[in-house]
Structures are given as structure tokens and as C-alpha cells.
Amino acid sequence: MTVKLVIFDCDGVIVDSEPMTDRILSDDLTAHGLPISAEEIHHLFTGGTMEWVEAESRRRGAKLPDDWLDHIYGRIFAALDQGVPIIEGFVPLLDRIEEAGVAVAVASNGPIPKMSRSLGPSGLFARLDGRILSGHDFKPKPHPAMLLHAMKQVGAAPEETVMVDDMPAGTKAAQAAGVRCFGLCIHGTPDRFDGTGAEVVRDLMAVEKALGL
């Protein structure tokens with residue numbers, strides 16, 4: 001298979017920000033009347049938009065203020081500004097993909113300001129500038145809108161495109177777009193990818209090997 005485009009999720013694929021975000025959400029929602037562990041947060045909410053987290057938390061009984069989104073993003077952004085580790089193997093994989101002349105895009109349900117903080121210190125935000133798509137500007141995953149836009153930008157057909165995501169929202173988006181998808185399982189269990197057609201990998205080195213780079 002000739003690959004013309006590789007699309008990456010951001011949190012959990014490029015940066016290891018999810019454990020931090022899970023802890024912040026757990027502390028905050030518990031303080032607002034919804035006792036919930038970081039592990040439950042990861043299982044229920046990771047991969048979705050924060051707007052959906054707010055709506056679902058209210059439905060489950062959380063007493064959130066009207067400005068909760070601004071509040072929680074403020075807490076998350078402050079933590080991101082302290083530095084976020086890059087997922088092992090991502091930069092070498094990105095180097096190999098670009099050396100092979102393959103296009104790269106990022107498709108995340110998170111907002112651009114969040115990604116500018118998580119990717120900025122490493123230089124990856126500047127390196128990937130113009131190729132970062134947000135679910136705040138398109139229909140979020142599991143809708144395939146971001147993937148379809150990225151493919152259109154570079155003229156890649158579904159069979160020439162690969163997605164790497166760590167959550168079912170992303171693997172379902174890839175399935176809807178008809179593209180090959182690797183389900184990256186560093187945290188949690190691989191059964192979250194059941195029924196999505198994703199090829200489960202435990203690290204990004206396996207993606208490099210599978211692509212033949």
C-alpha cells in the first residue's frame with residue numbers, strides 16, 4: 001500500500017497529557033458533587049470534547065457553574081504550561097514519515113489553544129503549523145470531517161491514508177472515512193477498539209514498522 005498521508009491524534013499519541021487531564025477532571029468534578037476517579041474519567045471521557053464532558057457530568061449530577069468550561073480550561077492550560085512529555089517514538093516517527101515524502105496532519109477534538117500549549121515547548125506546534133485540525137472548527141471525532149478535510153488538502157485517497165489514534169472516537173472516525181487505523185494502546189486496555197477495525201499497537205515503533213519506513 002502506498003501511503004500519502006498519516007493523520008495523528010494529539011493527546012495520547014503525540015503528547016502524554018491524558019493522565020494529567022484525567023487527574024484535574026477527577027479533582028474538579030468531585031469538588032462539584034460528582035465523585036469520580038481518574039480511571040473512571042479516562043474510561044468515560046477521554047477522546048471526547050470538553051463540552052460533552054460538561055453535559056455528561058451535569059447529567060450524572062455534577063453541580064457545575066455556568067463558566068465551568070473557562071474554569072476547567074484554565075486549570076488544564078496552567079498544568080500544560082508546566083510541560084508535557086512527548087510520547088516515546090513520536091519525533092523519530094515524524095522524521096521518518098517526512099523523510100519519505102509522506103504528508104502529516106493532526107486531528108484532535110481539543111481546541112487549538114490547548115494544542116499550542118502542549119505542543120509548543122517541544123517545537124512541534126510550529127513544526128506542524130497549518131496541518132493541525134481541531135474538533136472545535138470541524139465536527140469532532142467520531143465524525144470523519146477532520147480526516148476528510150486533511151485528505152482533501154493533500155489529495156490523498158482513503159486507501160492512501162493512515163490514522164493513529166488512542167481512543168475509539170478516533171478509530172471510529174477512521175472507520176467512517178474508510179482509512180487504515182492504528183489504535184495506540186499505551187494506557188488502558190485494547191478492548192476499547194473492539195468493532196472499530198483498528199489495528200492495535202503498543203507503541204509508535206510498531207507503527208513505523210507496519211508502514212515499512
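The values are calculated or read from the model by the stated rules, or taken from the named source; none is laboratory data. Remember, predicted model here, so these are calculated numbers, not experimental data. Every residue, glycine among them, receives a Cβ derived from its backbone with ideal geometry; neighbour counts consider all protein chains shown.
Results, tabulated for the structure shown:
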read-out: Residues of region 178-213 classified as within 21 Å of residue 22 (Cα to Cα), of a type in the set (Lys, Arg) and more than 15 Å from the chain's Cα centre (by Cα), total; value: 1
read-out: Sole exception among (1) assigned to a helix (DSSP H, G or I); (2) farther than 18 Å from residue 17 by Cβ for residue 118, by number; value: (2)
read-out: Hits in region 131-173 - residues which are buried (at least 19 other Cβ atoms within 10 Å of the Cβ) and either among the charged types (D, E, K, R) or assigned to a loop (DSSP other than H, G, I, E, B) (or both); value: 135, 140, 141, 142, 144, 156, 165, 166, 167, 172
read-out: Number of positions in region 91-115 that are surrounded by 16 or more Cβ atoms within 10 Å (Cβ to Cβ), in a loop (DSSP other than H, G, I, E, B) and not aliphatic (A, V, I, L, M); value: 3
read-out: Odd one out for residue 88 among (1) under 19 Å from residue 209 (Cβ atoms); (2) touching a helix residue (DSSP H, G or I) at 6+ places or on another chain (Cβ under 6 Å); (3) of a type outside the set (Lys, Arg); (4) part of a loop (DSSP other than H, G, I, E, B); value: (2)
read-out: Enumeration of residues in region 161-203 that are more than 23 Å from residue 139 (Cα to Cα) and among the aliphatic types (A, V, I, L, M); value: 186, 200, 201
read-out: Inter-residue pairs, beta-carbon under 9 Å, first in the same structural domain as residue 149 (by TED's automatic domain parsing) and in region 104-117, second in a helix (DSSP H, G or I) and among the polar types (S, T, N, Q), 6+ apart; value: 105/153; 110/118
read-out: Residue check for residue 145: in contact with a Leu (Cβ under 7 Å, 6 or more places away or on another chain), more than 21 Å from residue 203 (Cα to Cα), free of Cβ contacts under 8 Å to residues at least 40 places away in the same chain and of a type in the set (Gly, Ala, Ser); value: no
read-out: Matching residues, region 1-41, being outside any helix (DSSP H, G or I) and over 18 Å from the mean Cα position of the chain (by Cα); value: 1, 2, 3, 4, 32, 33, 34, 35, 36, 37
read-out: Pairs, first farther than 17 Å from residue 201 by Cα in region 160-182, second crowded, with 23+ Cβ neighbours inside 10 Å and charged (D, E, K, R), C-beta under 7 Å, six or more apart; value: 173/141
read-out: Test result for residue 108, hydroxyl-bearing (Ser, Thr, Tyr) and farther than 18 Å from residue 53 by Cα; value: no
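For every residue, the table says whether it meets (1) in contact (Cβ under 8 Å) with a residue 12 or more places away in the chain; (2) in contact with a Phe, Trp or Tyr (Cβ under 6 Å, 6 or more places away or on another chain); (3) among the aliphatic types (A, V, I, L, M).
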| position | (1), (2), (3) |
| --- | --- |
| 3 | yes, no, yes |
| 12 | yes, no, no |
| 17 | yes, no, no |
| 44 | yes, no, yes |
| 78 | no, no, yes |
